[in-house]
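The values are calculated or read from the model by the stated rules, or taken from the named source; none is laboratory data. Fair warning: this is a prediction, and the values are worked out from it, not measured in the lab. Positions of Cβ are generated from backbone atoms using ideal geometry, with glycine treated the same way; all protein chains shown enter the neighbour counts. Just so you know, the surface numbers come from the protein's heavy atoms only, side chains and all, with ligands and any DNA or RNA stripped out. Shrake-Rupley method; radii C 1.70, N 1.55, O 1.52, S 1.80 Å.
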Amino acid sequence: MAAVYKSLNKGSKEGAGRAGDAEKPKNRQRVLILSSRGVTMRHRHLLNDLHSLLPHSRKDAKLDTKTQLSQLNELADLYNCNNVLFFEARKGKDLYIWLSKPPNGPTIKMHCQNVHTTEELNFTGNCLKGSRPILSFDASFDKQAHTRVMKELLTHTFGVPPGSRKVKPFTDHVMGFTLADGKVWIRCYQISETEAAKHPKPTADETTPADPTSLPSITGRPGETSISLVEIGPRLVLTPIVILEGSFGGPVIYENKEFVSPNQIRSDLRRAKAGRYNERTEGTLERKNRHRDLGLRTGEGVKQVDPLDNRVVFA
Amino acid sequence: MVAKGATLKGALEREKGVNHHLLRQKKLQKEAAKKKRSKKEAEIDVGALEDAVSGAEVAKAQKAAKAADEEVAADAAEKVNGEGEGWETDEEDDEEEVGGVSIGDLDDESDSDSDDEPFDNEAADEDDIPLSDIESLASEDKGDIIPHQRLTINNTAALQKAYKSFALPSSLPFSHNQTITSAEPVQIADVEDDLNRELSFYKQSLDAVKEARAKLKKEGVPFTRPSDYFAEMVKTEEQMGKVKAKLVDEAARKKASADARRQRDLKKFGKAVQVAKLQERDRTKRETMDKINSLKRKRQGGADLNDKEDNFDVALEDAAETERKDRADRKAKGAAAGAQRKRQKKDEKYGFGGKKKHAKSNDARSAGDMSGFSVKKMKGKGGAAKRPGKSQRAKKF
């Protein structure tokens with residue numbers, strides 16, 4: 001009798017739990033991280049750094065094509081990923097980062113500059129592999145439509161959902177996204193808490209990972225431990241270029257007018273250099289012509305013959 | 001055709017120098033005010049609503065392109081919606097207040113957007129080539145287009161639609177996304193100024209962490225990692241070792257350079273110090289030598305002896321005098337000392353000093369001395385008793 005009651009009770013409870021789950025909104029993210037062929041060592045290391053910071057990510061082999069990026073949608077579907085972080089390397093030096101939500105978009109393409117990997121930065125910060133970061137966004141992300149989309153995409157990609165597979169408890173790092181100069185600046189810091197000496201008792205019970213039920217009792221006392229940040233790395237700056245409505249396709253819904261492609265910059269530089277050479281050669285040619293007209297060059301041009309010259313007089 | 005017409009019209013207006021934005025804004029405002037009035041009076045006309053929505057979106061697009069306008073004083077496209085300027089539909093307002101993405105809203109939104117897309121495109125990009133023309137460009141490499149040929153595309157309606165299609169619901173508890181947006185935008189005066197730029201990034205993150213910690217505490221999520229919780233870290237041990245080695249190296253280098261600088265400074269002053277020290281040593285040496293020499297002169301020269309000032313000589317003379325006096329005193333006492341007499345007697349008896357060898361051997365005088373000889377003793381009569389013979393002596397014992 002008791003067993004029957006128990007099973008019935010359990011069943012009803014489970015049912016209720018399921019219903020609750022269905023209603024409850026969830027944050028399920030999985031990121032497919034991959035690069036195109038032709039990435040440099042630094043790009044590869046950056047990719048690895050990001051992969052180690054994102055426990056909900058799945059790294060895949062380099063993509064062979066740079067033209068048919070819609071293949072990525074199938075790939076993401078294959079790996080059950082609903083986010084794609086794609087590194088597109090051009091000319092063995094330029095890096096473009098694509099962020100996308102695979103089935104129906106949107107997609108954002110950004111130019112990545114000022115890449116410093118964790119290894120070369122030599123910062124003292126460190127954090128658990130697989131702990132969930134706090135994402136800190138600049139308020140100016142909420143001001144424009146395209147930055148809002150960008151913010152949401154960054155949240156999905158870099159925010160680690162609570163239920164992912166390799167996730168660890170505790171929060172020990174923060175990722176900062178700041179809009180400055182029309183670019184997104186990304187930083188990653190370790191949260192280091194040092195116990196304040198003045199209040200030894202509160203810090204004691206704060207450092208213990210109190211279970212959820214007892215925790216509300218000790219809330220409302222901010223600043224028990226003083227927080228400071230230590231940078232971990234990597235560092236990168238992203239310039240948005242274009243936002244597509246679909247995933248790796250579809251109409252362009254935003255394009256950054258201010259973005260100047262690195263190819264353009266390089267060609268301008270080259271042209272400026274070439275211009276200098278052209279000017280110089282033109283200058284020498286002009287000088288030669290002028291000298292010829294003045295009769296300063298031997299065997300060229302018209303020469304003024306003196307009427308009293310011997311050859312004229314005794315001709 | 002419509003698109004082409006729009007471009008031509010735009011070009012013409014540019015030629016004329018018409019302040020297009022201003023005109024449009026005024027027109028929109030009038031239109032919206034009228035609409036609102038009618039809405040208050042009667043039921044919402046669907047067509048009119050659509051127009052209003054698109055109109056609002058057009059305004060937003062312009063807003064995004066042009067930073068400030070007197071008519072619309074708000075900064076954000078968001079705010080333009082929320083502001084009580086009078087040309088906003090209530091439906092939009094509600095959506096923004098919720099801020100989240102509910103599926104019902106999303107459907108409505110997408111419908112209306114798809115309906116008025118052509119008009120929207122025409123209006124939003126009035127001074128550019130419309131979207132349809134750009135799509136052909138989009139297939140090419142965007143990165144290689146020269147900037148002055150670049151066209152502004154900022155299809156706010158489509159962007160918002162896209163945003164709503166994938167945004168996380170706002171009802172999600174904080175612990176699920178852990179996203180903090182700073183209270184006010186980070187202002188960086190000069191992005192090239194590394195120190196201040198990084199400082200503002202740091203501040204932004206620090207504020208976010210403080211806020212997030214409070215929120216997580218409230219939701220009962222563990223925040224601080226206990227000191228005995230060990231797990232794999234993002235940076236490996238060897239990487240951290242490298243970092244530490246680098247720090248140590250740097251500290252050592254700093255110390256070495258500081259030492260070198262100190263040495264250099266010392267060297268500058270050191271020479272002067274050394275010279276001064278040598279001079280000092282020479283001076284003291286000369287002084288002592290002078291003293292000694294003068295002393296010697298005083299000792300040798302008689303002329304200087306009368307000099308009563310010299311204490312050293314006075315002391316010597318005193319000592320000599322006192323000794324002489326002592327000796328005289330002792331002579332006066334003389335034989336009184338008994339010990340002295342006994343010694344004398346002993347010396348007389350056993351000899352003191354002189355030659356010890358042959359002292360007891362005879363000489364001419366002792367050999368001629370017959371004082372100890374007597375005939376009587378030599379003849380044996382009346383002399384001492386004879387020693388009995390052997391047998392007698394044997395009988396006796």
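Here are some notes:
- Accessible surface of A:K93 - all protein chains present, 1.4 Å probe, nearest 10 Å²: 110 Å²
- Residues of the stretch A:90-125 that bury at least 20 Å² of accessible area when the other protein chains are present, relative to the chain alone (probe 1.4 Å, heavy atoms, ligands and nucleic acids excluded): A:R90, A:P106, A:K109, A:T118, A:E119, A:N122, A:F123, A:T124.
- Buried surface between chains B and A: roughly 7800 Å² of accessible area, summed over both sides, computed with a 1.4 Å probe on protein heavy atoms only.
- Inter-chain Cβ neighbour average for residues A:246-252, partner chain, 10 Å: 4
- Pair-distance profile P(r), taking every C-alpha pair of the stretch B:197-305, with 10 angstrom steps and integer %: 10, 12, 17, 13, 10, 9, 8, 7, 6, 5, 2, 0
- Stokes-Einstein diffusion coefficient of the stretch A:261-301, Kirkwood radius over Cα pairs, 20 °C, 1.002 mPa s, in µm²/s: 176 µm²/s
- Computed lengthening from B:K396 to B:A320, 0.36 nm per intervening residue step minus Cα-Cα distance: 19.2 nm
- B:R225, B:R365, reordered so the largest accessible area comes first (probe 1.4 Å): B:R365, B:R225
- Listed residues A:T298, A:L269, A:G283: farthest to the positive end of the dipole of the stretch A:261-301 (Cβ charges): A:L269
- Listed cross-link partners A:K24/B:K218; A:K59/A:K109; A:K151/B:K34; A:K93/A:K273; A:K93/A:K183 are compared with a 29 Å cut-off, the Cα-Cα value being larger for A:K151/B:K34.
- Largest accessible area first, the residues B:D290, A:D172 order themselves as B:D290, A:D172 under a 1.4 Å probe with ligands, DNA and RNA left out.
- The Cα center of the stretch A:245-315 and the Cα center of the stretch A:140-189 differ in position by 51 Å.
- Protein-only accessible surface order, largest first, of A:I243, A:I265 at 1.4 Å: A:I265, A:I243
- The mean number of partner chain beta-carbon atoms within 10 angstrom of a residue's beta-carbon across peptide A:157-165 is 2.
- For the peptide A:48-60, the mean number of other protein chain Cβ atoms found within 10 angstrom of a residue's Cβ is 1.
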